[in-house]
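Data block below; observations after.
The values are calculated or read from the model by the stated rules, or taken from the named source; none is laboratory data. All values reported here derive from a predicted model rather than from experimental measurement. In this analysis, Cβ positions are derived from the backbone assuming ideal geometry, glycine residues included, and neighbour counts consider all displayed protein chains. These area figures cover heavy atoms from the full protein model, side chains too; ligands, DNA and RNA do not enter into them. Shrake-Rupley method; radii C 1.70, N 1.55, O 1.52, S 1.80 Å.
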Amino acid sequence: MKAKIIQLILSNEKSIMGLILLAVPLAMALVPQLIAPYDPWKTVDRPFLPPSSKHLLGTNDIGQDIFSELVYGARISLLVGFAAAASAVAIGTVIGLIAGYYGGIAEEVLSSITDVMFLIPVLPFMILMAAFLGQGYQNIILAIAAFSWPGVARMVKAQVKSFKNVPFIEAARAIGAGDLRIMFKHILPQLYPLITASTILRIGGAIIAESSLSFLGMGDPTQKSWGGIIYWAMNTGAITSGMWWWIVAPGIMITITVLGLSLIGYAVEEYVNPRLRKR
Amino acid sequence: MSKLTHFLLRKITSRIVVFYVILTITFVIPRMLPGGAFAYLINNPNVPPNMRDVLIKQFGLDKPIIEQYFIFIKEFFTTGNLGISFSRLQPVSQVILEALPWTLTLVTTSVVISAIIGILLGLLVAYKRASKMDVFFVSVAMFLRSMPGFWLGMVLLIVIGFYMHLAPLFGAYTYGVTYATPFEYIADVLYHLWLPLVSLILLTTPTYLVITRNAVLDVMSEDYIMAAYARGLPERNILLKHAFKPSCAAILTLLAMDLGVSLGGAMLIERVFSIPGIGRLTYDAIYMQDYPLLLGVVVYTSAVTLTLVTLVEILQSVLDPRVRLE
């Protein structure tokens, strides 16, 4: 299965494009020390310098090299995005599995919780949760995951319901497999392609959510992230003093990362759901 | 009782229950913090002692927790009272109700305009599917959806506001100006809000475009559409009369589900353009660690979203009889 998905990604024009876009942020996240010219935490020059050959994106309000901040910021932005998306998909999958497999009251209760999650304004709730959990990127991951699972739960539930009574599941039940075994050993593997696609597609959303929370001041002040850079740029008046590079660069990084992930995600999704191919 | 009234009553009751649960959560959360019930009140140096005493008395903070809960619920439903904002030393509800009109203006205006443009463009690209235009619009939509909304707003502000001087750099109106006529006021607000609105429209339209296109293309594969082709009806008629109408269900569902997202988007845009709405308030509340205000923002934004969603659903159930039977 895994090999198939990798093969698929490499055989599709769009997803190759996506991989190319992702290469830059991935390289930054994996080996920042090889790319960044300076330590992003050190004051290396005068503050508020414009871009030059010495500082590609100038320096910030305390004389740190913005390009180096950008390179080191990739790691935390990608980490938060991936961890939050994976957690959200895990929560959604378990809830969807239980609701779809058991039906009845379990389904009623879980589905109404899922429906409610679609109705509430997500951003204020994420902020509230992050605010009360306290600062730290782990808490941001939790806050994003806690409010991003309902789509997955709904999708998984629908899939499980269509699988529940197919012959091979009935066969497993007939030879005495328990509910948990059927759910996790027999049904879940059928959903892997779908789960892979929706995880990839959700990383982008989580990266944007992280930058939004950072932008409102919920970010982890001990870590460099792309959203955090934009937050400090905004707070230091980068707009009113025309330091556009300070704002534009981290946003471009976010955009190419999310775009790259979407291109790959849609390619996998098209493969999983052939009906989409016609479009 | 007709099916419709029954459906509406059930919907509205369930929404009230949801809101009640949210209200209860905002009661529980501050009491779960280390230090318990009102540590966050007593430890806050911002709150003058006499106001603290008034608050303790008003919300019965020295009484058992069950009693506190009933006082909290009663206070909210009788007067909308959610306590005092630490940073502004004004009632939370008053602070929020002053900010809310700005946010509501941004959200409703941008959602309506985006829905109209998005649906029209979606129909157009569904009609011309697989053409260059289709690829172009779908790619632009995907590109726009990959950007953080607030960042797009900042870029527009730098280019159009800072470099081209076509929009003010901050605020929802000019500070310290007295207006001769209400029209002058409206003109001033429009001058300040056009760019934030354009940003929000650029962010929301792609969603409507993609959903409309896909919903219409889904319907186009139905047998009765094939039958319409077989009867020799012109393609434009098939699209507008036969395919668009059933896709409206999917579009209205999106409208309902996307309102919370649009609200979040507007809150972020407010911070970019310094518009004194809920988003700006939230930023201040985080900055000043003003927990009562933050809780108030959650309660009021939930109330607004739930109300708007319910209104859309009522519209949907009136237009589409299938919804009532669920």
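Which one of B:Ile269, B:Ile251, B:Ile238 is more than 15 Å from A:Leu213 (Cα to Cα), in contact (Cβ under 8 Å) with a residue 24 or more places away in the chain and either away from every other protein chain (no Cβ under 11 Å) or not in a loop (DSSP other than H, G, I, E, B) (or both)?
The conditions single out B:Ile251.
Which residue, of B:Leu190, B:Leu240, is out of contact with any Lys or Arg (no Cβ under 7 Å at 6 or more places or on another chain) and within 30 Å of B:Met164 (Cα to Cα)?
Details: B:Leu240 fails: within 30 Å of B:Met164 (Cα to Cα).
Just one listed residue meets the conditions, B:Leu190.
Is it true that A:Gly227 is buried (at least 24 other Cβ atoms within 10 Å of the Cβ), closer than 22 Å to B:Asp284 by Cβ and of a type in the set (Gly, Ala, Ser)?
yes
Contact list please: Cβ distance under 7 Å, first residue in the range B:59-78 and within 24 Å of B:Ala303 (Cβ to Cβ), second residue acidic (Asp, Glu) and open to solvent by 20 Å² or more (accessible area, probe 1.4 Å), pairs at least six apart or on different chains.
Going by the 7 Å Cβ cut-off, the qualifying pairs are B:Phe59/B:Glu75; B:Gly60/B:Glu67.
Taking the options A:Ile207, A:Ile195, A:Ile200, A:Ile175, name whichever one is open to solvent by 20 Å² or more (accessible area, probe 1.4 Å) and under 23 Å from B:Gly149 (Cβ atoms).
Values: A:Ile207 fails: open to solvent by 20 Å² or more (accessible area, probe 1.4 Å); A:Ile195 fails: under 23 Å from B:Gly149 (Cβ atoms); A:Ile175 fails: under 23 Å from B:Gly149 (Cβ atoms).
Just one listed residue meets the conditions, A:Ile200.
Count, please, the residues in the range B:139-180 that happen to be over 22 Å from A:Trp244 (Cα atoms) and either crowded, with 18+ Cβ neighbours inside 10 Å or more than 7 Å from every other protein chain (Cβ to nearest Cβ) (or both).
Residues meeting the conditions: 12.
If I filter the range B:272-294 down to residues being facing chain A (nearest Cβ under 7 Å) and open to solvent by 10 Å² or more (accessible area, probe 1.4 Å), which single residue comes out as farthest from the chain's Cα centre (by Cα)? Walk me through it before giving the result.
Looking only at the range B:272-294, we keep the residues that are facing chain A (nearest Cβ under 7 Å), and these are B:282-283, B:286-287, B:294.
Going one step further and asking which of them are open to solvent by 10 Å² or more (accessible area, probe 1.4 Å), we end up with B:283, B:286-287.
Working: B:Tyr283: 16, B:Ile286: 20, B:Tyr287: 22 Å.
Of everything passing the filter in the range B:272-294, B:Tyr287 is farthest from the chain's Cα centre (by Cα).
Condition check ((1) open to solvent by 20 Å² or more (accessible area, probe 1.4 Å); (2) over 28 Å from B:Leu295 (Cβ atoms); (3) in a loop (DSSP other than H, G, I, E, B)) across all residues:
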residue	(1), (2), (3)
A:Val94	yes, yes, no
A:Leu97	no, yes, no
A:Ile105	yes, yes, no
A:Ile113	yes, no, no
A:Gln135	yes, no, yes
A:Ser148	yes, no, yes
A:Ser162	yes, yes, no
A:Ile169	no, yes, no
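Scan the range B:256-270 residue by residue and report those that are open to solvent by 10 Å² or more (accessible area, probe 1.4 Å) and closer than 17 Å to B:Leu169 by Cα.
B:Leu268
Output the residues belonging to the range A:236-246 that are of a type outside the set (A, V, I, L, M), open to solvent by 10 Å² or more (accessible area, probe 1.4 Å) and either touching a helix residue (DSSP H, G or I) at 6+ places or on another chain (Cβ under 6 Å) or not in a helix (DSSP H, G or I) (or both). Break it down into steps so the answer makes sense when it comes.
Keep residues of the range A:236-246 that are of a type outside the set (A, V, I, L, M), which gives A:236-237, A:240-242, A:244-246.
Keeping just the survivors that are open to solvent by 10 Å² or more (accessible area, probe 1.4 Å) gives A:236-237, A:240-241, A:244-245.
Listed by number, the residues that qualify are A:Thr236, A:Gly237, A:Thr240, A:Ser241, A:Trp244.
Read through the list (1) farther than 28 Å from B:Leu308 by Cα; (2) free of Cβ contacts under 8 Å to residues at least 24 places away in the same chain; (3) surrounded by 19 or more Cβ atoms within 10 Å (Cβ to Cβ), then give the number of the only condition that B:Ile56 fails.
Condition not satisfied by B:Ile56: (3).
Could you say which residue among A:Arg154, A:Arg181 is of a type in the set (D, E, K, R), closer than 15 Å to A:Gly92 by Cβ and in a helix (DSSP H, G or I)? Explain how you work it out, then say what you get.
Numbers: A:Arg181 fails: closer than 15 Å to A:Gly92 by Cβ.
Among A:Arg154, A:Arg181, only A:Arg154 is of a type in the set (D, E, K, R), closer than 15 Å to A:Gly92 by Cβ and in a helix (DSSP H, G or I).
With respect to B:Val135, determine if the residue is more than 24 Å from the chain's Cα centre (by Cα), more than 9 Å from chain A (Cβ to nearest Cβ) and modelled with pLDDT of 90 or more.
On the way: more than 24 Å from the chain's Cα centre (by Cα): yes; more than 9 Å from chain A (Cβ to nearest Cβ): yes; modelled with pLDDT of 90 or more: yes.
Spelling it out, B:Val135 is indeed more than 24 Å from the chain's Cα centre (by Cα), more than 9 Å from chain A (Cβ to nearest Cβ) and modelled with pLDDT of 90 or more.
Of all residues in the range B:204-213, which are within 14 Å of chain A (Cβ to nearest Cβ) and open to solvent by less than 40 Å² (accessible area, probe 1.4 Å)? Can you show your working first?
Keep residues of the range B:204-213 that are within 14 Å of chain A (Cβ to nearest Cβ), which gives B:206-207, B:209-213.
If the condition is that a residue be within 14 Å of chain A (Cβ to nearest Cβ) and open to solvent by less than 40 Å² (accessible area, probe 1.4 Å), then B:Pro206, B:Thr207, B:Leu209, B:Val210, B:Thr212, B:Arg213 are the ones that fit.
When you look at B:Leu120, is it touching a helix residue (DSSP H, G or I) at 6+ places or on another chain (Cβ under 9 Å), without any contact (Cβ under 8 Å) to a residue 12 or more places away in the chain and open to solvent by 20 Å² or more (accessible area, probe 1.4 Å), yes or no? So that I can check it myself, show each step before the final result.
Numbers: touching a helix residue (DSSP H, G or I) at 6+ places or on another chain (Cβ under 9 Å): yes; without any contact (Cβ under 8 Å) to a residue 12 or more places away in the chain: yes; open to solvent by 20 Å² or more (accessible area, probe 1.4 Å): yes.
So B:Leu120 passes the test.
Only one of (1) under 18 Å from the mean Cα position of the chain (by Cα); (2) more than 14 Å from chain A (Cβ to nearest Cβ); (3) surrounded by fewer than 17 Cβ atoms within 10 Å (Cβ to Cβ) fails for B:Leu104. Which number is that?
Status for B:Leu104: all satisfied but (2).
Okay, residues lined up against (1) more than 19 Å from the chain's Cα centre (by Cα); (2) within 12 Å of chain B (Cβ to nearest Cβ):
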position: A:Ile200; (1), (2): no, no
position: A:Ile208; (1), (2): no, yes
position: A:Asp220; (1), (2): no, no
position: A:Lys224; (1), (2): no, no
position: A:Ala233; (1), (2): yes, yes
position: A:Ile239; (1), (2): yes, yes
position: A:Met253; (1), (2): no, yes
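Take the range A:159-204 and flag every residue that is in contact (Cβ under 8 Å) with a residue 60 or more places away in the chain and among the small types (Gly, Ala, Ser).
Within the range A:159-204, A:Ala197, A:Ser198, A:Gly204 meet the criteria.
So which residues in the range B:143-189 are among the charged types (D, E, K, R) and either in contact (Cβ under 8 Å) with a residue 24 or more places away in the chain or in contact with a Phe, Trp or Tyr (Cβ under 9 Å, 6 or more places away or on another chain) (or both)? Spell out the reasoning first.
Here is the first cut: in the range B:143-189, the ones among the charged types (D, E, K, R) are B:145, B:184, B:188.
Residues satisfying the conditions are B:Arg145, B:Asp188.
Give the residue, chosen from A:Ala233, A:Ala249, A:Ala267, that is touching a residue at least 40 places away in the same chain (Cβ under 8 Å), in a helix (DSSP H, G or I) and open to solvent by 10 Å² or more (accessible area, probe 1.4 Å). It would help to see each step written out before you state the result.
Working: A:Ala233 fails: open to solvent by 10 Å² or more (accessible area, probe 1.4 Å); A:Ala267 fails: open to solvent by 10 Å² or more (accessible area, probe 1.4 Å).
A:Ala249 is the lone residue from the list that is touching a residue at least 40 places away in the same chain (Cβ under 8 Å), in a helix (DSSP H, G or I) and open to solvent by 10 Å² or more (accessible area, probe 1.4 Å).
Quick check on B:Ser317: is it open to solvent by 10 Å² or more (accessible area, probe 1.4 Å) and out of contact with any Leu (no Cβ under 6 Å at 6 or more places or on another chain)? So that I can check it myself, show each step before the final result.
Details: open to solvent by 10 Å² or more (accessible area, probe 1.4 Å): no; out of contact with any Leu (no Cβ under 6 Å at 6 or more places or on another chain): yes.
Judged against the criteria, B:Ser317 is not a match.
Is there a residue in the range A:105-112 that is facing chain B (nearest Cβ under 10 Å) and under 21 Å from A:Gly217 (Cα atoms)? Step through it out loud before you land on a result.
Let us first name the residues in the range A:105-112 that are facing chain B (nearest Cβ under 10 Å), namely A:112.
Cutting the leftovers down to under 21 Å from A:Gly217 (Cα atoms) gives us none.
Checked against the condition, which is being facing chain B (nearest Cβ under 10 Å) and under 21 Å from A:Gly217 (Cα atoms), the range A:105-112 yields no hits at all.
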